[in-house]
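Q: Input: one structure, supplied below.
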Amino acid sequence: DKYWVQRKRLFHKFDQGIQLDAESWYSVTPEAIALHTADRIASMRESGTGHFVVLDAFCGCGGNAIAFGNHPDISLVVCVDSDIGKLRMAAINASLYNVPAEKMLFVHADAVEVMRDFYQDGKKKKKKAVPLAAETKIVSNLSTEVSKVNVC
């Protein structure tokens, strides 16, 4: 089918064990575009500033997250998705690209709710952290283990 033919365009390491579900075949950002996006996002960093954190609000199987995670100017990628299976695939895919585990934080949550915590009436709220609900699950350090966390 047309997506299988383009598998190396999606991930050049596809044959090394990349995982995709049926939806991800047509929704993942192709690798070249993800790399360009990561460069553009990283260029927004103000020189001399500390950590640069990127929120991938709809992480899916990790196309953009991998590019963000491997970018030298990006300190942390917060990968949010409501589908825990996609987060697990993203973690596996990121490990295949040797993304440093400490640069990735996988959050099983509703991205719309996360964004509501940052914006109100089209304006950014003055917050430095996102308060996650107690039932939010975090998969971190490229692990496939899921643990409940209490975050205030």
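Q: Quickly run through segment 95-112 and pick out the residues that are of a type outside the set (A, V, I, L, M) and either open to solvent by 20 Å² or more (accessible area, probe 1.4 Å) or touching a residue at least 60 places away in the same chain (Cβ under 8 Å) (or both).
A: From segment 95-112, those of a type outside the set (A, V, I, L, M) are 95, 97-98, 100, 102-103, 106, 108, 110; that's our starting set.
Matches in segment 95-112: 95, 97, 98, 100, 102, 103, 108, 110.
Q: Between residues in segment 69-89 that are more than 10 Å from residue 105 (Cβ to Cβ) and residues that are modelled with pLDDT under 90 and among the polar types (S, T, N, Q), which pairs lie under 6 Å by C-beta distance while being six or more apart or on different chains?
A: Here the result reads 88/144; 89/19, each pair linking segment 69-89 to a residue that is modelled with pLDDT under 90 and among the polar types (S, T, N, Q).
Q: Also: I'd like the full set of residues that are closer than 16 Å to residue 34 by Cα and of a type in the set (Gly, Ala, Ser), limited to segment 46-87.
A: Answer for segment 46-87, where residues must be closer than 16 Å to residue 34 by Cα and of a type in the set (Gly, Ala, Ser): 57, 60, 62, 63, 65, 67, 69.
Q: Give the residues of segment 1-13 that are closer than 21 Å to residue 58 by Cα and at pLDDT 80 or above, sorted by residue number.
A: Step one: of segment 1-13, the residues closer than 21 Å to residue 58 by Cα are 3, 7, 9-11.
Selection gives 11 alone.
Q: Can you list the helices (runs of 4 or more DSSP H) found entirely within segment 1-100 that contain at least 1 residues being under 21 Å from residue 114 (Cβ atoms) and of a type in the set (A, V, I, L, M, F, W, C)?
A: Working: elements: 2-5, 7-10, 24-27, 31-42, 63-70, 84-96.
Ranges flagged: 31-42, 63-70, 84-96.
The values are calculated or read from the model by the stated rules, or taken from the named source; none is laboratory data. Everything quoted here is computed from the prediction, not taken from an experiment. Cβ sites come from the backbone with ideal geometry, for glycine too, and all protein chains shown count toward neighbours. Note: accessible area is taken over every heavy atom of the protein model, side chains too, but ligands, DNA and RNA are not part of it. Shrake-Rupley method; radii C 1.70, N 1.55, O 1.52, S 1.80 Å.
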